[in-house]
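Here the structure is laid out as structure tokens; the discussion comes afterwards.
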Amino acid sequence: MDISIIIVTRNTCDLTRNAVTSVMESSTGISAEVWIVDNGSTDETAKVLPREFPGIRLLRSERNLGFSKAVNLAARQATGQFLLLLNSDARPAPDALHSALSWMRQNPDCGVSGARLLHNDGSSQNSIANFPSLATELLNKSLLRRLWPNRFPGKEFQPEKPLDVDTVIGAFMLIRKSIWDRLGGLDERFFFFFEETDFCLQVRNQGFRVTHLPEVRVWHGQGQTAKQVSIGVRIEHWRSRYAYFAKNSGRLVRLLLLGGLLVRLTIDLAAALALTLATGGTNLRWRTRLKLCSALAGWHLRGCPRTTGLPR
């Protein structure tokens, strides 16, 4: 088998249908298997997808396993030489799989490759990222990108040739199965967010390249799944960020990160409260911001409980 395509879905039946259709259209001439992991969906996913795509492998969990555990569940049974982790809101171009597989076969020192991610209107998204640091997590990312565009590339940075990077965005992530098995898959401490970042770091630490492939185009809904539960999603982002630094950084860096983030959260909460009061509670933007900051502050005050966040 050339490639095993793994898609994790939770209540995104229509998006997943489009994703499966796109990979089937782009896998002509490639021996491919498609694994769908249904992470406790309550929509029609478990009925619709097997009926419309009888050749897929559907694994269904009654509860939300989180992204890492769900992917690992499918990857343990996958038989491809390569694994493609594909978001349910992503649609590869017709030539995407051929181009990406060709690159990986011609470059055996590349462990992971990613694609040029596009909005539906064809405009660019962020397709690559830096490894998290105190600078990226505590300072303004837009300012960093303007001041040091080569060190902190944003969506305006559009290389024309393959480029080695820290990490690729996980909406389309092609992985050499031998390296995946060597590393034991995704770290299941990451329930949602930072799992692909940590994996790319471990790949780099093994001496393999992580490469952005600009000729591989993928249309991406950019977080349509995550937007379903915004406060829970933000809590998971903070939790995974702490987990990433706990695993990959020293104690001093972790303390500086915690202190800096709490200072920023306090300032954001105070500003949101003041502006909500100043506008008499009529401004939806500031009411929403106040609700989010209050939820994050409450989560920290309760000791960051694992029971708060996305449903499990």
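Of the candidates Val71, Val34, Val8, the single residue that is among the β-branched types (Val, Ile, Thr), assigned by TED's automatic domain parsing to the domain that holds Phe191, within 19 Å of Leu310 (Cα to Cα) and assigned to a strand (DSSP E or B) is Val8. When you scan segment 80-102, do you find a residue that is in a helix (DSSP H, G or I), assigned by TED's automatic domain parsing to the domain that holds Val216, free of Cβ contacts under 8 Å to residues at least 60 places away in the same chain and among the small types (Gly, Ala, Ser), even just one? Scanning segment 80-102, I find at least one residue that is in a helix (DSSP H, G or I), assigned by TED's automatic domain parsing to the domain that holds Val216, free of Cβ contacts under 8 Å to residues at least 60 places away in the same chain and among the small types (Gly, Ala, Ser), so the answer is yes. Scan segment 35-57 for residues that are closer than 13 Å to Arg10 by Cα, touching a strand residue (DSSP E or B) at 6+ places or on another chain (Cβ under 7 Å) and not charged (D, E, K, R) and the total you get is 8.
Here Ser26, Ser31 are screened, and the one residue that is closer than 22 Å to Val218 by Cβ and modelled with pLDDT under 95 is Ser26.
So that you can scan it fast, the table gives a plain yes or no per residue for (1) of a type in the set (Lys, Arg); (2) over 16 Å from the mean Cα position of the chain (by Cα):
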site: Pro153; (1), (2): no, yes
site: Pro159; (1), (2): no, yes
site: Thr167; (1), (2): no, no
site: Ala171; (1), (2): no, no
site: Ile175; (1), (2): no, no
site: Arg182; (1), (2): yes, yes
site: Gly185; (1), (2): no, no
site: Arg189; (1), (2): yes, no
site: Phe192; (1), (2): no, no
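Go through the residues of segment 169-181 one by one and say whether even a single one is over 16 Å from Asp109 (Cα atoms), buried (at least 21 other Cβ atoms within 10 Å of the Cβ) and of a type in the set (Val, Ile, Thr). The answer is yes; a qualifying residue exists. Working only within segment 130-179, note down all residues that are at pLDDT 95 or above, touching a strand residue (DSSP E or B) at 6+ places or on another chain (Cβ under 6 Å) and not β-branched (Val, Ile, Thr). If the condition is that a residue be at pLDDT 95 or above, touching a strand residue (DSSP E or B) at 6+ places or on another chain (Cβ under 6 Å) and not β-branched (Val, Ile, Thr), then Pro162, Leu163, Asp164, Ala171, Phe172, Met173, Leu174, Arg176, Lys177 are the ones that fit.
The values are calculated or read from the model by the stated rules, or taken from the named source; none is laboratory data. Since we're looking at a predicted model, the values are computed, not measured. FYI the Cβ positions are ideal-geometry reconstructions off the backbone, even for glycines, and counts take in every protein chain you see.
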